[in-house]
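Notes to accompany the following structure.
The values are calculated or read from the model by the stated rules, or taken from the named source; none is laboratory data. Owing to the predicted nature of the structure, the values given are computational and were not obtained by experimental measurement. Cβ placement follows ideal geometry from the backbone for every residue including glycine, while neighbour counts extend to all protein chains displayed.
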C-alpha cells in the first residue's frame, strides 16, 4: 500500500525519503553509544535490521514472496547487496574507529553527489548547474555546521584521514547502489528489495568480518551486555536500519527525480542539530545557525530553480 502511494504521488516518495533521513540523522551517535567496534557493529546492525525487515515483509501480503526476486535475478541482486550494502556499511562503521563523528557525518553527506554522478554515467541524466551549486554549498554548510565554523577540524591527523577515506568510499558504494539497484526496486518492490539487500549483506558481513577481522559475532551475547548497549544495538538495528532504510531506499527508488530526492540527505546534520536542540537543550551557535540556513537554502534553491525551469519549458511548449 505504502509503496503504491510512493510511486503514484511524487511528494509521498519525497516525504518517505525525508523520514528516512531523520532516521539516518542519529546513526553515528547511536553507533558510538553501542560501544561495539565498527566491523562487528555492522554485523549486529544488519542482522537485527534484517530480522526486522523479514518480519515486516512477511506481515504484508504483497511482499511475502521474498524468494521470487532471487529466482529471476539472483546474481545481480546478490552482487549489489554484498557490495552496495555489505561493503559500504562495513566501511561506514569502520570509519568511526578512525575519524570523529563530525568528520564521518560530513564525509558521508557526499552520497547525493555520487548518486548524481553515477546517474549521469549510467542513465545520461544531466547534472544541472543548480544541482552542482546547491550540492557544493550544502557540503560546505555541513562542514561549517558540524565543526562550528572551524573547518580545520575536518583535516585531522593521518589516522582520521583514513577514516574519512573509508567514509568517502562508503558514500560512493551507497550512491552507486541506489542507481544500479533502482530497476530491481521498481520490479520487485521496495520492501522486498530492501529486505533482501540487508539480509544478504548481513550474511556476507558475518562471514567477512569473521575471516578478515577475526571477530565471529556471538548473537547470544546480546542480553548479556549492559542495558545501554542492548538499547543502542536494538535502536540501530530496528529503527536506524529496518524502518529507516525501507523509507529511504524505497522513497529514492520511487521518486520522480532520484538526484533531487537524494539531496534531502544534505539535511541529515541539520536534523541532528535540531534534535539536539529539542531533546538535549544544546543550542546551536550563531555560526551553526548560519550553516543551517546555508544547507536548507541550498536544498530549497535547487528545487525552486528546477520548478521554474519546468514552468518555462511548459510555457514555451504551449506558446
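Just a few scattered comments:
- Assessment of segment 302-312 against the conditions (crowded, with 21+ Cβ neighbours inside 10 Å and either modelled with pLDDT under 85 or in contact with a strand residue (DSSP E or B) (Cβ under 6 Å, 6 or more places away or on another chain) (or both)) yields at least one matching residue.
- Considering residues of segment 245-294 that are in a loop (DSSP other than H, G, I, E, B) and surrounded by 15 or more Cβ atoms within 10 Å (Cβ to Cβ) only, the residue modelled with the highest pLDDT: 255
- The residues on offer are 77, 83, 111, and the sole one that is surrounded by fewer than 17 Cβ atoms within 10 Å (Cβ to Cβ), within 17 Å of residue 249 (Cβ to Cβ) and touching a helix residue (DSSP H, G or I) at 6+ places or on another chain (Cβ under 7 Å) is 83.
- Every listed requirement among (1) surrounded by 15 or more Cβ atoms within 10 Å (Cβ to Cβ); (2) not in a helix (DSSP H, G or I) is met by residue 65 save one, (1).
Residues are listed down the side, and each one gets a yes or a no for (1) within 21 Å of the chain's Cα centre (by Cα); (2) assigned to a helix (DSSP H, G or I); (3) modelled with pLDDT of 95 or more; (4) closer than 22 Å to residue 54 by Cβ:
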site: 156; (1), (2), (3), (4): no, no, no, no
site: 162; (1), (2), (3), (4): yes, yes, no, no
site: 182; (1), (2), (3), (4): yes, yes, no, no
site: 208; (1), (2), (3), (4): no, yes, no, yes
site: 220; (1), (2), (3), (4): no, yes, no, yes
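- Qualifying position, being under 17 Å from the mean Cα position of the chain (by Cα), in a helix (DSSP H, G or I), at pLDDT 90 or above and closer than 19 Å to residue 234 by Cα, among 29, 46, 18: 46
- Scan of segment 5-15 for residues that are surrounded by 23 or more Cβ atoms within 10 Å (Cβ to Cβ) and not in a helix (DSSP H, G or I), ordered by number: none
- Segment 32-43: number of residues that are assigned to a helix (DSSP H, G or I) and farther than 15 Å from residue 104 by Cα: 7
- Condition check for residue 58: part of a helix (DSSP H, G or I) and without any contact (Cβ under 8 Å) to a residue 40 or more places away in the chain: yes
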